[in-house]
Amino acid sequence: PADHYPMGIKVIQKCYAWRDPSYGAIIPFDYYFINEGAKTIEDVYVGYFLDADVGPVNSGIYYTRNYTCYFDTLRTAYAHNPIDRGSTPIGITVLGTPKPLNELKYIFRWFNFTTNPSPGVVDSVLYSWMSGEWFPERLIATCESPTNPSDTRFLFSFGPFESFVPGE
């Protein structure tokens, strides 16, 4: 859109897998963010949006049978389908960052199309969600109810990284 300005951030994603099947369904990802722009970016938060739609596709409405939650002691946000047996949950865990993990603020917010609306697409509102400014009294949302699942998704973010200089 005309009101969006590129920030000059390059993202490199690496995904790993093992030949040994005993590791199961764990798939580590590395993300590298490089400031290729000319300006230092301040108060940076990294966000991860997930619309998992967990469940067997042959059920037809599997995507409406999900709930999301945050497991704080593991720093893991996850989505699960409690209705369709055999559905494998998906979880996102931050294992390391350039800044010590205990110095970061974690934000977890879920939303759906019925009881908890989306933040929309306005950049300032999205940043307010990612930084926790939108709901400073509760950075981690209460888990969605597994007994009242929905077509849900979540935003998991963390920061701040005080500055992100060009070339970093």
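Would you check if Phe161 is touching a Lys or Arg at 6+ places or on another chain (Cβ under 7 Å), within 17 Å of Ile41 (Cβ to Cβ) and either surrounded by 13 or more Cβ atoms within 10 Å (Cβ to Cβ) or of a type in the set (Ser, Thr, Tyr) (or both)?
yes
I need every pair where a residue in segment 48-64 that is in contact (Cβ under 8 Å) with a residue 60 or more places away in the chain and at positive phi has its Cβ under 8 Å from the Cβ of a residue that is open to solvent by less than 50 Å² (accessible area, probe 1.4 Å) and assigned to a helix (DSSP H, G or I), sequence separation at least 6 or different chains.
Asp53/Tyr62
Within segment 136-157, how many residues turn out to be over 16 Å from Asp72 (Cα atoms) and either open to solvent by less than 50 Å² (accessible area, probe 1.4 Å) or among the polar types (S, T, N, Q) (or both)?
Final tally of qualifying residues: 8.
The values are calculated or read from the model by the stated rules, or taken from the named source; none is laboratory data. All values derive from a computational prediction rather than experimental measurement. As a convention, Cβ positions derive from the backbone with ideal geometry for all residues, glycine included, and neighbour counts pool all protein chains shown. These area figures cover heavy atoms from the full protein model, side chains too; ligands, DNA and RNA do not enter into them. Shrake-Rupley method; radii C 1.70, N 1.55, O 1.52, S 1.80 Å.
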